[in-house]
Structures are given as structure tokens and as C-alpha cells.
Amino acid sequence: MKAAVIVFPGSNCDRDMAVALRAAGADVEMVWHKDDGLPRGIDLVAVPGGFSFGDYLRCGAIAAQSPVCRAVIDHVHKGGYALGVCNGFQVLTETGLLPGALMRNAGIRFVCKTVPLEVATTDSDFTRGYAKGASLRIPVAHHDGNYFVDQPTLERLRAEDRIAFTYGDNPNGSTGDIAGVLSENRRVLGMMPHPERAVDAGHGGTDGRGLFDGLVGALVSA
Amino acid sequence: MKARVQVMLKTGVLDPQGEAIRHALGALGFDGVEGVRQGKVIELDLAETDAASAEAQVTEMCEKLLANTVIESYKIDLS
């Protein structure tokens, strides 16, 4: 299973993402944002956390227009997988690959702590490694994590079982307590919490491993 | 031509920064501020000299980049 981790100026979770994917058994290549294509044979593109382009204009807005993002959009349109975490989630909403937008936290402050998450669906290769309703502890670290969708979109996401994770104690004002959301074909996941920061017991928890193990396992056997 | 683009959160979308400003104004003793909305202004210097064409170009810029129309609305003033 081959994964590409995109690196923008200002990305700061790219190496953590690569470590988590490699620990789950993936071959990982780092891809610089100015590259206009992805390496051959990529199964998964991971868009990491950070502050791409200094969060200028809006978080993820400039990154979403970079050459490599056009390649990511093509990859997804051909049925490829993509995972966006934190700033990566913001980038994926800005490209239109995921619905909604990430706004300033309702409490204004940057939130940096480990939060309880509930696995809202196991019907995706990202969440198949967990039990439905399982409670996880995963860190969040963001200023603009307040997920907004309008009411009709929220109802649609619920009807289509596309809410991957919800917050146990909503830290940012997100609509419907949504922490992670799936695309229509269930092959794109965006989430604000950082599963890649929860894969090593030495860092305080390993609840993120289920996502990487489940995903890499599914793509290896595919 | 010059274009001045005003980007605001749509009506009905909670503006946490505007709310924080409203609270801070209240703390300074400015009573009676019933609502605050914060947005941004983007000024563009355009080579285009035809107003209709400039408006069309800036509209496309707003739709593609300057505003996120999921949550934001925009207003264009040309001069």
C-alpha cells in the first residue's frame, strides 16, 4: 500500500503522519506542494496538519489552489483515497472534496488538548478498525476547527451515515458535534483531531492506531 | 480600475470574533451594541479598464478564492 504525504510551506504534522502510516505498514513518499503530479501507484493521499501558507486569507484556502491539490482532486475523482487531518481537513473542504467549512472556534481560543471522540460509523475503510460507538481519546490542536454545514447538509450527512467521528464534549462549536466527515464515496475523510499523534504509548495514547491499521489493512487486501 | 471586495460571514452564521468584540465593547462601557459582525476588505489594483469586464473578473475571483461561499458572502465595489 502506497501513501503520499503532501508537504506545504507551514505544514508541521507531515512527519508525524508519515511515521503513523509507516508504522501501520504503508510505503510513504513525501510530496512537495509545487509538484504537479503524485508519484505513480499512490493509494492514499494524506494532507497533514499545520498552518499551510500561514493560514493567509482563510485556513487551507491558498493550499487548495496549489498544483499538487489539482492532482489530489484528480486522484479522488478516480476513486483514490484521501485523509485530511486538521489543516488537511480545512484544505479538503476548500477544494470542495468534502462539504462544509471550518470556522474560528466558537470560544475564540486555540484549543490544544486530548478530547473524547465517538466512532459514529464503522462503514468506511478509515473507521473499520474500530467498534461502532467506541470512545477514543485523540488530541486536538486548532484555532479554526468549528465545522459548519447548513441544516440540509447536516441532515444529508446523517442520512448517508457520513459522520465518521463526533466529539464527546464539543470543544469548538462544530455543527452536530462533528469531528470528522466522509465523502459521498466514503474514500475521503477529513477530521480535526490528530490520530497521528496517538499512535505511540510514549506520547500518551494509541487510540489513533485503529484508523491507520484499518485503512492500510483494507488497502493492502484490496 | 480598483476593486474593493468586502467579505462577510453570511447572515445566520455565528461570528465568534464579532461576539468577542461586542463583549469587549460592553466591558469598555459602550452599552447598547446589540450586534457586531467582523469581515475583511480586500483591495485589488486591476489592469482592466472596462467596468463590466472588471466586475466579471472579480466575481470569478471571489467565487474561486477570495470568499468561501459556504459561509461567506461578498460585495464588490469598483472605482
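Read-outs throughout are calculated quantities, based only on the coordinates presented, and are distinct from any laboratory measurement. Note that the coordinates shown come from a computational prediction; the quantities given were computed from them, not determined experimentally. All Cβ positions, glycine included, derive from the backbone under ideal geometry; neighbour counts span all protein chains shown.
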When the residues of region A:103-123 are narrowed to those that are within 12 Å of chain B (Cβ to nearest Cβ) and of a type outside the set (A, V, I, L, M, F, W, C), which ends up farthest from A:Tyr56 (Cα to Cα)? A:Gly107
Enumeration of residues in region B:1-17 that are crowded, with 17+ Cβ neighbours inside 10 Å, under 24 Å from A:Asn172 (Cβ atoms) and more than 10 Å from chain A (Cβ to nearest Cβ): B:Met8
In region A:148-196, what residues are surrounded by fewer than 22 Cβ atoms within 10 Å (Cβ to Cβ), hydroxyl-bearing (Ser, Thr, Tyr), within 14 Å of chain B (Cβ to nearest Cβ) and farther than 14 Å from A:Thr93 by Cα? A:Thr175
Return only the number of the condition from (1) crowded, with 23+ Cβ neighbours inside 10 Å; (2) within 14 Å of another protein chain (Cβ to nearest Cβ) that A:Pro99 does not satisfy. (1)
Inside region A:78-96, can you point out the residues that are assigned to a helix (DSSP H, G or I) and within 14 Å of chain B (Cβ to nearest Cβ)? A:Phe89, A:Gln90, A:Val91, A:Leu92, A:Thr93, A:Glu94, A:Thr95
